[in-house]
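Reading through the structure tokens given below for one structure.
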């Protein structure tokens with residue numbers, strides 16, 4: 001088992017734990033978990049520009065589109081449209097299932113899906129696959145546009 005596989009197993013386990021016995025997830029939280037699990041299920045999938053085929057090839061917005069679709073949430077297909085249509089997340093109060101948006105070059109936009117309060121899953125052009133990265137790295141911080149969500 002490699003480190004990525006172990007990390008994914010830990011995140012999946014944490015999402016499935018109910019927490020305190022008196023606490024119940026509301027339907028929006030369950031959908032957030034479904035989105036995150038769908039995104040994580042694609043780690044290792046090759047990057048493909050315009051890709052919409054889970055397990056075969058995805059681009060960044062294809063990954064977020066797929067993950068939301070699995071959870072029954074309709075969102076636009078293209079990253080800039082996803083950014084414009086999402087409800088803004090104020091400050092850095094990011095939750096699993098929220099989307100983070102970046103401008104990687106003038107007029108080129110990138111999107112990822114928060115896994116927890118530090119990491120996001122995305123279809124990386126530099127590594128040519130769906131992978132997990134930390135939001136607080138200098139590269140991502142310099143390109144960060146903001147966050148949005150399709151959940152309440």
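Readers should treat all values here as calculations from the given coordinates under stated rules, not as data from a laboratory. Quick caveat, the model's predicted, so the values are computed rather than measured.
Tabulated data
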{"quantity": "Value of Rg to Rh for the range 48-127 (Rh from inverse mean 1/r over Cα pairs, i.e. Kirkwood)", "calculated": "0.93"}
{"quantity": "Relative contact order, percent, the range 113-152 [alpha-carbon distance under 8 Å, six or more residues apart]", "calculated": "26"}
